[in-house]
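Written out below as structure tokens is the structure these notes cover.
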Amino acid sequence: VELHIAGRLKRLLPEVFAFLSCRFHPGQFKLLRLLLEKSKYERLSKSFADIVISTGSSLAPVNAIFSGSLGAKSIVILKPNTKIGKFTLVVAPEHDKLQAKNAVSIKGAFSFPEDINKDRVLFSHNFNLSPRPKVSFFLGGPVENKKDFLKNLDVFMSELKKFVLKKNYSILITTSRRTPKEAEVLIEKELKDFNQTDVLIIANKCNFPFISGGFLSLSEVVFATSDSISMISESLSVGKTTVCVKLEEIFGTHHVNFFSSIEGMINFLEYPYSIKELSAPDYPLSEYNKKIVVAAVEKILRM
């Protein structure tokens, strides 16, 4: 059931109601009448479940109220705003540093390409690709220091071109919605007429839904700027040799914890960006995370 909790008051009320809720109290279900669209409320009123699963912090309180009214087990994906003890199981990224008996931590972000084989076919049909092996570069945007980001991007592009020429790779490159105009101009200047550029996408001008999956499926090496937590996680999830390109120093706890959680699986590249030996992860990140989550779910099914 797709739910949307909009507005500051409507986000606060579920948290208050969830805090007051208890397990197997059918009457508390009526609280959802105040929070949900009529059609969604009526659909839930006709539903029964042994396990209720929700994604995102805003829906966790609805999960607590609904599962509590049924006496059902509850699983929440991502750290909830509600008291963690209200849920049977909480699945959160390791970099959230969530410590609780009913919580399990996965590595990276909750990001996985749905069907990269389908994306590969669509990508290959839409672009004229060379027979050379490929590397991809996902260029995001600055988090803390735009000046350093742009200055270092210029240096990195020079080293990336040397790398692909030496290894006879071709380049697949895409920017993101966060990429500054100055970086887009630089990328086009450096790569638009470069002989070994296969595909150059400026996301703010034109984009396709199959780009990330196509890049990942076709590339032997994936470069991504350090702001792109989701993209780095997706690359590691499919077991690609992944390089985190640090164009600026990021001090935010969220990013620092994320880098720490994937250390040993990823290659970090800093100024002056000389690209030497690169290592692939020992296993796809998705396999590790699947084992963690499956074991946790099997445990609550036995409860």
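Between 0 and 90 degrees, the angle of helix 146-167 with respect to the longest Cα principal axis of the chain falls at about 60 degrees. With a ≥ b ≥ c the root eigenvalues of the C-alpha gyration tensor of the range 173-303, is it rounded (a/c under 1.5), prolate (a/b larger than b/c) or oblate? Prolate is the answer for the range 173-303, as a/c is 1.5 or above and a/b outweighs b/c. Annotation note: trypsin sites (Lys or Arg not before Pro) in the range 205-303 located in DSSP loop regions with a Cβ neighbour count of at most 12 within 10 Å are Lys205, Lys276, Arg302.
List the aspartates and glutamates whose Cα lies under 15 Å from the Cα of Lys79, skipping any in the same chain that are fewer than 8 positions away. Cross-link targets: Glu15, Glu94, Asp96.
Each pair of Cα atoms in the chain enters the Kirkwood radius, and Stokes-Einstein at 4 °C and 1.567 mPa s then converts it into a translational diffusion coefficient of 60 µm²/s. Residues Val62, Val294, ordered by accessible area of protein heavy atoms at a 1.4 angstrom probe radius and largest first, appear as Val294, Val62. Ligands, DNA and RNA left out, the accessible area of the range 38-116 computed with a 1.4 Å probe is 49% carbon and sulfur. Taking amide hydrogens as modeled 1.01 Å from N in the peptide plane, which residues meet the under 5 Å criterion relative to Thr197, leaving out close sequence neighbours? Amide H to amide H, under 5 Å and 5 or more residues apart or across chains, Thr197 pairs with Ile171. Give the cross-link partners of Lys30 among the lysines, using a straight C-alpha distance below 17 Å as the criterion and excluding same-chain residues fewer than 8 apart. Candidates past the 8-residue exclusion: Lys10, Lys38, Lys40, Lys46. Only lysine pairs 8 or more places apart, or on different chains, with alpha-carbon atoms under 23 angstrom apart are counted in the range 126-171, and they number 8.
How many angstrom lie between the Cα centre of the range 186-241 and the Cα centre of the range 43-80? Cα centroid of the range 186-241 versus Cα centroid of the range 43-80: 37 Å apart.
Label-to-label distance, Glu249 versus Asp148, with points set 7 angstrom from Cα along the beta-carbon direction: 0.5 nm. Compared with the alpha-carbon gap, the fully stretched path from Val256 to Glu2 is longer by 88.2 nm at 0.36 nm per residue. Computed from backbone phi, the HN-Hα couplings of the range 178-185 come to 7, 5, x, 4, 4, 6, 4, 4 Hz, rounded to whole numbers (Karplus: 6.51 cos²θ - 1.76 cosθ + 1.60, θ = phi - 60°; Gly and Pro given as x).
In the range 223-260, what chymotrypsin sites (Phe, Trp or Tyr not before Pro) fall in a loop by DSSP, with at most 11 other Cβ atoms inside 10 Å? Those satisfying the criteria are Phe251. When you filter the GluC sites (Glu not before Pro) in the range 160-263 for DSSP loop state and at most 15 other Cβ atoms inside 10 Å of their Cβ, you are left with Glu249.
Expressed as a whole percentage, what fraction of the accessible surface of the range 118-234 belongs to carbon and sulfur atoms when a 1.4 Å probe is rolled over the protein heavy atoms? Of all accessible area on the range 118-234, carbon and sulfur atoms account for 49 percent. Per-residue ellipticity at 222 nm computed for the chain from its helices equals -12000 deg cm²/dmol, with DSSP H segments shorter than 4 residues left out and the rest contributing -39,500 (n - 2.57).
The residues of the chain expose, per residue, 52 Å² of accessible area to a 1.4 Å probe.
The values are calculated or read from the model by the stated rules, or taken from the named source; none is laboratory data. Note that the structure is predicted; figures quoted are calculated from it, not measured. As a convention, Cβ positions derive from the backbone with ideal geometry for all residues, glycine included, and neighbour counts pool all protein chains shown. Just the protein is used for accessible areas: all its heavy atoms, side chains included, with ligands, DNA and RNA removed. Shrake-Rupley method; radii C 1.70, N 1.55, O 1.52, S 1.80 Å.
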